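A.B. asks: The structure is given below, and queries will be raised subsequently.
None of the figures in this text is laboratory data; all of them are computed from the coordinates on show. Since this is a predicted model, take the numbers as computed values, not measurements. Please note: Cβ atoms are built from the backbone with ideal geometry, for glycine as well, and neighbour counts cover all protein chains shown.
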Amino acid sequence: MNLNELTIAEARKGLDTKKFSSVELTQASLDHIYERKDLNAFVTITDEVAKVEAKIADKRITKKESGALTGIPFSVKDVICTIDVRSTASAKILDNYIPPYEATVIKKIRKQGAVLVGKTNCDAFGHGASNENSMYGPVKNPYDETKVSGGSSGGSAVSVADHQAIFSIAEDTGGSIRQPSAFCGVAGFRPSYGRNSRYGIMPMASSLDVVGPIAKTVEDIALLMEVIAGHDTKDSTSVPDAVPQYSKNLNTSVKGMKVGIPKEYMELEGIDEETRKIIEEKIQSCKELGMEIIEISLPLTKYAIPVYYIVVSSEDSSNLGRIDAIRYGVQVDGTSLINVYANSREQGFPEEVKRRIMIGTYALSDGYYDAYYRKAQKVRTLIRQEFDEAFTGVDVILTPTSPFPAFNFGTKTDDILAMYLTDVFVSPAAVAGIPALSIPAGKTQSGLPVGLQILGPRLAEERVLQVGYSIEKTF
Amino acid sequence: MKLTREEIDRIATLARLSLTDQEKDKFADQISVVLTYADMLKEVNTDTVEETCQVTGLEDIMREDVEEPVSEETRKKILSQFPKKKYDLLEVKAVFDNKN
């Protein structure tokens, strides 16, 4: 087994027992990044930074001062600011942007001595479900290069699935961590809104954006959550609640837990038959683990997508107002100040970003605000209440992460509604602000990974991870 | 409900985007598709429902109004990002222009 194929927990043991050094582990990651550059997982590779950080990590390990992540190579989605390292959001308007500050979650991880190997490709500003909206080219699925990686955090998922990094830190607004994780056969976690600091994340939809990890196992996800979760004075929406020791309590028995299976998900028109069968097998495994399976109904599920796209486009159009190439970014000249804004944005944003800004500007404009944004926010309340109600009867809810496995390039790019509908199973949890974990559930006959999604009540990350850990062990 | 060219132009100006004619035509169709799809929300009765503006329940998060000093190094980094500058000042085109 190559060093870059290890999990965080395995690499920790190897590093602390001096079986190998962080310099060797990091080199293995970097070598593989270059070997598989064709997958296009990275926008920026930080070789120099990584080599320096790996040496420092080795010194810490020798002095027995290592933390959970010391010396472990990792990647970061390019919408997350990394100090002194180019952060483009996969949009040309930020092609030259070097943040003078660092996102809180990344600060916490690097304080532990984790080694940054690069910034990963994504749909520009996180807008997309296939990574085809990146201005640095699409990311290929390592299981079948004719298929998309999923999105928007395609590069992050591929970097972990293809062992180019041991873990990745990404961002999920409506499924951007979970869906590519499912498409690439890795674990991806969207914690409750507010559990992790959003400081230093380029905002997309501020009421939905969540930072979370992508890793190879649920154990690794738990280890990462222990490091990154918690209140941050720089993010007034982060919650002050104490962070449990997620990794210590993973082994807690799930026997007797009640698992809800929403029929609106399993009986969705157009759900891939193979996907449904694989998920049903996993539900069977839950029974064998002593969990009680209960069919539930979440009739508002179908409204989550329209709510999501109205809220996202509206908040997007507002948030992206700051990306005007005046104080940073690639400025394109014009005859007036307004022309400078308009020309820079026209050339520096891909089509999907412009489309969302247009939809959002329209939805928020005079005369339409009540009909679209306010209406969507009201239906959002009902969706939240529906989940709250469901969780009075069950402990967790299980669903497929995506109605189908990874699809071919170009098949949904012109039909935007079809592309938006790929988020049908991931957007409800985002709208409700509840934790949602995607873990590998199996593979189709043609070898494409299928993801299982586990949802829990707000701030019940610990329970979601325990269930994920137990199901993962049934493989 | 297809958006008119005038509506598209108005939104593009509000959004500070100088779209091509091709983009304008495409967006006019696609925005209509999305908004028509969103019309399904009308099926849901929300007469007595409050909007969700946030999900954490946190209220009135305040901090002391004090300045946080920035190091000279950080200041230089911020200045280095300016697309156009004169000395240490950000250079922009005139905000008030008699022509507009």
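A.B. asks: Calculate the length of the line joining the C-alpha centroid of the range A:376-409 to that of the range A:152-212, in whole Å.
C.D. replies: 18
A.B. asks: What is the set of long-range amide H partners of B:Lys84 at a cut-off below 5 Å, with H atoms built 1.01 Å from backbone N?
C.D. replies: Answer set, sorted by chain and number: B:Glu91.
A.B. asks: Which of the peptides A:43-51, A:195-203 is most tightly packed, and how do the rest follow, going by the mean number of other Cβ atoms within 10 Å of each residue?
C.D. replies: On the way: A:43-51: 17.9, A:195-203: 24.4.
The peptides rank, most packed first, as A:195-203, A:43-51.
A.B. asks: Separate question: Between B:Glu91 and A:Gln245, what FRET efficiency comes out of the Förster formula 1/(1 + (r/R0)^6) with R0 = 56 Å and r the beta carbon distance, rounded to 0.05?
C.D. replies: For A:Gln245 and B:Glu91, the calculated efficiency is 0.60.
A.B. asks: Report relative contact order for chain A in percent, whole number only (criteria: Cα-Cα under 8 Å, sequence separation at least 6). Could you put the intermediate results ahead of the total?
C.D. replies: Values: 1150 pairs, mean separation 80.8, N = 475.
Averaging sequence separation for qualifying contacts and normalising by length gives 17 percent for chain A.
A.B. asks: Restricting to the range A:3-228, compute how many DSSP beta bridges are antiparallel as a %, nearest 5. Before the final figure, lay out each step's value.
C.D. replies: Values: 14 of 22 bridges.
In the range A:3-228, DSSP labels about 65 percent of beta bridges as antiparallel.
A.B. asks: Right, next: For chain B, what ratio Rg/Rh do Cα atoms give with a Kirkwood hydrodynamic radius? Working shown, then result.
C.D. replies: Details: Rg = 22.8 Å, Rh = 19.9 Å.
Rg/Rh: 1.15.
A.B. asks: Radius of gyration and Dmax for the protein assembly as shown's Cα atoms, expressed in Å?
C.D. replies: For the protein assembly as shown, the Cα-based Rg and Dmax read 23.1, 76 Å.
A.B. asks: Excluding A:Gln466 itself, calculate the net charge of residues whose Cβ lies under 12 Å from the Cβ of A:Gln466, where each Lys or Arg counts +1 and each Asp or Glu counts -1.
C.D. replies: -1
A.B. asks: What residues have an amide H closer than 5 Å to that of A:Ser238, excluding those fewer than 5 places away on the same chain, when H is modeled at 1.01 Å from N in the peptide plane?
C.D. replies: Residues meeting the criterion, in which the H sits 1.01 Å from N, are A:Asp232.
A.B. asks: Okay, helix-only estimate at 222 nm for chain A: each DSSP H run of n ≥ 4 adds -39500 (n - 2.57), divide by all residues, round to 500 deg cm²/dmol; what do you get?
C.D. replies: The helix-only estimate for chain A comes to -11000 deg cm²/dmol at 222 nm.
A.B. asks: Whole-Hz ³J(HN,Hα) for each residue in the range A:60-71, computed from phi via Karplus 6.51 cos²θ - 1.76 cosθ + 1.60 with θ = phi - 60°, x for glycine and proline: what do you get?
C.D. replies: Running phi through 6.51 cos²θ - 1.76 cosθ + 1.60 with θ = phi - 60° gives 4, 5, 4, 7, 6, 10, 7, x, 4, 10, 4, x Hz.
A.B. asks: Based solely on its DSSP helices, what 222 nm [θ] is calculated for chain B when runs of n ≥ 4 H residues each add -39,500 (n - 2.57) and the sum is averaged over all residues, nearest 500 deg cm²/dmol?
C.D. replies: Values: 3 runs with 37 residues, N = 100.
Helices in chain B give a 222 nm mean residue ellipticity of -11500 deg cm²/dmol.
A.B. asks: If packing is taken as the average count of other Cβ atoms within 10 Å, what order do A:135-141, A:181-187 fall into, highest mean first? Can you show the working numbers first?
C.D. replies: Working: A:135-141: 23.0, A:181-187: 31.3.
Descending mean neighbour count gives A:181-187, A:135-141.
A.B. asks: Show me, for the range B:50-65, the HN-Hα J-couplings you get by feeding each phi into the Karplus relation (A = 6.51, B = -1.76, C = 1.60, θ = phi - 60°), rounded to Hz, glycine and proline as x.
C.D. replies: Values, residue by residue: 7, 6, 8, 9, 7, 10, 8, x, 6, 9, 6, 7, 10, 9, 5, 8 Hz.
A.B. asks: Would you list the membrane-span-like helices of chain B, meaning whole DSSP H runs whose alpha-carbon atoms span at least 20 Å along their axis and whose mean Kyte-Doolittle value is at least -1.0? Don't jump to the answer; show the numbers that get you there.
C.D. replies: Details: long enough: B:21-38 (25 Å, -0.47).
Qualifying helices, which must be both long enough and hydrophobic enough, are B:21-38.
A.B. asks: Choose one answer from B:Gln54, B:Gln30, B:Gln81: the residue with the largest mean-square fluctuation in a GNM of chain B with alpha-carbon springs under 10 Å.
C.D. replies: Looking only at B:Gln54, B:Gln30, B:Gln81, the biggest GNM fluctuation is shown by B:Gln81.
A.B. asks: I've got another one for you. Given H placed 1.01 Å from N in the peptide plane, which residues other than close sequence neighbours of A:Ala441 have an amide H under 5 Å from its amide H?
C.D. replies: A:Val450, A:Gly451, A:Leu452
A.B. asks: Another question about this same structure. Write down the percent of antiparallel bridges among all DSSP beta bridges whose residues are both part of chain A, to the nearest 5.
C.D. replies: On the way: 31 of 46 bridges.
Of the beta bridges lying entirely in chain A, close to 65 percent run antiparallel.
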